[in-house]
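Here it is, the structure, as structure tokens.
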Amino acid sequence: MLTTDKGSSHCHGASVTDQQLLQHLHPQAQSHPHPVRLQMHSTPTITATATPKPTPTIHMSTHSPACEKRLEAETPRRDLHELLLELLDMLLSCLVVAPCVIAYWRGTWELMGVYLFPRSLPLSAMASFLIGGLGHFLFTVTQNFFKEHVHPDRRRLTYYTVSRLYTAVFGIVCVNMWRGAWLLCDWLTSIDSLMIVSVVTAIALVFLVATRTLRNLGAAPYTVTMDHKSDYFEVDTMFKIPGFHQPGLYVLDTLFSVFVIGSLVVIAWRGVWGIFDLLLFPADRAKSAWGSLLIGYLTVFVTFLIHPLMRYVCRRISGIPKLIICDIYYLMTFFGAVNAWRGIWNLLDVYLYPDNRLLSFWLTHLVPFLLLAALKCSNSILVRGVFIDAEGVGADSVDIPINYVRLHFLRERRKKCANQTTSSSPPHYYLKPEHASIGRNAEKDKEAQSSLIEKPHPAVQIV
């Protein structure tokens, strides 16, 4: 649990941010049962009998008895504050971001069916697959170009124009990639046979487990991707091969990530979606949609509820047991995400202008994207990068990156600390070791993939 604590450490000669305080946190703080604080001394202690050599030190110390009593009295308020921030993040993800992402995908997907060879399903599927595959490949190999030439510190207006156009085009590419692979699978295999659908889905899941890429099955409401300049154009590949040093291997890595892993993920989603089409009120689309929505959000609630337990377990195990536990959790989030998407998607088909389908498609294509852009999380519509199962330090392997509200508060706290010469330390719930990953941008294997926090600056010497 997160706990706030208003300690009494001071910043002398430098502005110490939350990220830097996290880097200076003592390694043994993870097993410390009580809040700790950093004491920073800038002057030596001189007595009448000896003059010690001035040595800048940073050490850990427990609070004084009076301070401990004050902290104990504040504990209920701190727990409530933490719970409120987590609850707000969950509600924002489940009730705002996820419905907008799903609505955008539904509108874009259906518009492709209207305008892209509507009279020939195989030709439309092939066209979508080529647009999606080549588009993914292009955006992946040109990511360094965008990082180097498009930055708000140079031309702010150009950056915001190009970056939002990038997201809009990349979003269409992502939808086409999924639509093409999905429809090709429908065309090449049966969609009416439960046995065939189940076998194809099982094969896809087996390959994902074998390649340790089951983690890529996750989607909203388990991720909120921020429109942050530090990694706006970043697209991870499976083997993380640098493009400039090994261009041939980089191209192969990109092709494998896009066409193999990406297609396996689509096949798995299509299979579970199709199984519910066949089993859950197949004759009544409205009941089927409401049933999927209920199943999906109940699963989301359960996965959020057991998330602290999963983090606790993953911090204490490693190797094969950790991989098995993580894969089980990934499958649970996958099951919840598919049903949430299927429920919202079909409800929009049933209730949003069913007599004017074209208007319904355009509304769900434009309005959700504009709303997400206004919230600075339009990148949540993108499906990009490949992430490895159980990769990450400790609990990072099961991280759910929906830290929208919490990161906003952390950013405001950093600004406050930077503007004050002497200020109280930030709340300890930002300093707890299990939440250090919120401020860490070094690892890009998270499903959150983005945050509001700037990338760490060079270490500041504290004297």
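The values are calculated or read from the model by the stated rules, or taken from the named source; none is laboratory data. No experiment lies behind these values; they were computed from the predicted model shown. Cβ: placed from backbone, ideal geometry, glycine included. Neighbour counts: every protein chain shown. For accessibility, only protein heavy atoms count, side chains too; no ligands or nucleic acids. Shrake-Rupley method; radii C 1.70, N 1.55, O 1.52, S 1.80 Å.
Tell me the residue from Arg342, Arg357 that is under 14 Å from Trp109 (Cα atoms) and in contact with a Ser or Thr (Cβ under 9 Å, 6 or more places away or on another chain), please.
That would be Arg342, the only listed residue that is under 14 Å from Trp109 (Cα atoms) and in contact with a Ser or Thr (Cβ under 9 Å, 6 or more places away or on another chain).
Return the pairs, sorted by first residue and then second, in which the second residue is in a helix (DSSP H, G or I) and of a type in the set (Gly, Ala, Ser), the first residue lies in segment 246-260 and is closer than 12 Å to Leu134 by Cα and in contact (Cβ under 8 Å) with a residue 24 or more places away in the chain, the beta carbons are less than 8 Å apart, and the residues are 6+ apart or on different chains.
Val258/Gly133; Phe259/Gly133
Right, here's the next one. Filter segment 266-289 down to residues that are among the small types (Gly, Ala, Ser) and not in a loop (DSSP other than H, G, I, E, B) and give me whichever is nearest to Val386 (Cα to Cα).
By that ranking, first place goes to Ala268.
Take Arg357 and decide whether it is at pLDDT 95 or above, basic (Lys, Arg) and surrounded by fewer than 24 Cβ atoms within 10 Å (Cβ to Cβ).
The answer is yes for Arg357.
Given Leu255, Leu165, which one is more than 28 Å from Thr303 (Cβ to Cβ), of a type outside the set (Ser, Thr, Tyr), open to solvent by 50 Å² or more (accessible area, probe 1.4 Å) and modelled with pLDDT of 95 or more?
Within the list Leu255, Leu165, the selection yields Leu165.
Oh, and also: Among the residues of segment 258-273, write down those that are crowded, with 20+ Cβ neighbours inside 10 Å and more than 21 Å from Met332 (Cβ to Cβ).
Within segment 258-273, Val258, Gly262, Ser263 meet the criteria.
How do the pairs read when you match residues in segment 85-105 that are touching a residue at least 12 places away in the same chain (Cβ under 8 Å) and of a type in the set (Asp, Glu) with residues anywhere that are open to solvent by 40 Å² or more (accessible area, probe 1.4 Å) and assigned to a helix (DSSP H, G or I), using Cβ under 9 Å and keeping only pairs 6 or more apart or on different chains?
Asp89/Tyr404
Okay, moving on. Before we move on, is Phe276 surrounded by fewer than 23 Cβ atoms within 10 Å (Cβ to Cβ) and free of Cβ contacts under 8 Å to residues at least 60 places away in the same chain? Talk me through it step by step, then tell me what you get.
Working: surrounded by fewer than 23 Cβ atoms within 10 Å (Cβ to Cβ): yes; free of Cβ contacts under 8 Å to residues at least 60 places away in the same chain: no.
Considered against the rule, which asks whether it is surrounded by fewer than 23 Cβ atoms within 10 Å (Cβ to Cβ) and free of Cβ contacts under 8 Å to residues at least 60 places away in the same chain, Phe276 comes out as no.
Would you check which residues across segment 305-342 are among the β-branched types (Val, Ile, Thr) and surrounded by fewer than 23 Cβ atoms within 10 Å (Cβ to Cβ) and list them?
Ile306, Val313, Ile317, Ile320, Ile324, Ile325, Ile328
State all residues of segment 202-217 that are out of contact with any Phe, Trp or Tyr (no Cβ under 8 Å at 6 or more places or on another chain), outside any loop (DSSP other than H, G, I, E, B) and open to solvent by 10 Å² or more (accessible area, probe 1.4 Å); if no residue qualifies, say none.
The initial filter retains those residues of segment 202-217 that are out of contact with any Phe, Trp or Tyr (no Cβ under 8 Å at 6 or more places or on another chain), namely 202-212.
If we keep only those that are outside any loop (DSSP other than H, G, I, E, B) as well, we get 202-210.
Correct list: Ala202, Ile203, Leu205, Val206, Phe207, Val209, Ala210.
In addition: If Val302 satisfies every condition in (1) open to solvent by less than 40 Å² (accessible area, probe 1.4 Å); (2) more than 17 Å from the chain's Cα centre (by Cα) but one, which is the exception?
If we test Val302 against (1) open to solvent by less than 40 Å² (accessible area, probe 1.4 Å); (2) more than 17 Å from the chain's Cα centre (by Cα), just (1) comes out false.
Next question, about the same structure. Restricting to segment 222-235, name every residue that is farther than 30 Å from Gly296 by Cβ, open to solvent by less than 40 Å² (accessible area, probe 1.4 Å) and in contact with a helix residue (DSSP H, G or I) (Cβ under 9 Å, 6 or more places away or on another chain).
Phe233 - this is the single residue of segment 222-235 that is farther than 30 Å from Gly296 by Cβ, open to solvent by less than 40 Å² (accessible area, probe 1.4 Å) and in contact with a helix residue (DSSP H, G or I) (Cβ under 9 Å, 6 or more places away or on another chain).
List pairs: first in segment 373-397 and surrounded by fewer than 21 Cβ atoms within 10 Å (Cβ to Cβ), second not in a helix (DSSP H, G or I) and not charged (D, E, K, R), Cβ under 6 Å, 6+ apart or cross-chain?
What qualifies is Gly385/Val235.
What's the number of the condition Trp362 fails, among (1) buried (at least 18 other Cβ atoms within 10 Å of the Cβ); (2) aromatic (Phe, Trp, Tyr); (3) farther than 24 Å from Asp277 by Cα?
Every listed condition holds for Trp362 apart from (1).
Quick check, is Ile191 β-branched (Val, Ile, Thr), assigned to a loop (DSSP other than H, G, I, E, B) and open to solvent by 20 Å² or more (accessible area, probe 1.4 Å)?
For Ile191, the condition - β-branched (Val, Ile, Thr), assigned to a loop (DSSP other than H, G, I, E, B) and open to solvent by 20 Å² or more (accessible area, probe 1.4 Å) - is met.
OK, next. Would you confirm, using the coordinates I've provided, whether Met238 is within 29 Å of Val162 (Cβ to Cβ), surrounded by 22 or more Cβ atoms within 10 Å (Cβ to Cβ) and aliphatic (A, V, I, L, M)?
no
Next question. Within segment 411-438, which residues are within 28 Å of Met332 (Cβ to Cβ) and either modelled with pLDDT of 80 or more or of a type in the set (Asp, Glu) (or both)?
Matches in segment 411-438: Glu434 only.
Still on this structure, please answer the following. Which one of Val350, Val393, Val386 is of a type in the set (Val, Ile, Thr) and modelled with pLDDT of 95 or more?
Val350
Still on this structure, I have one more. Pick out, from segment 87-152, the helices (runs of 4 or more DSSP H) lying fully within it that include 3 or more residues that are modelled with pLDDT under 95.
Output list reads 121-141, 143-149.
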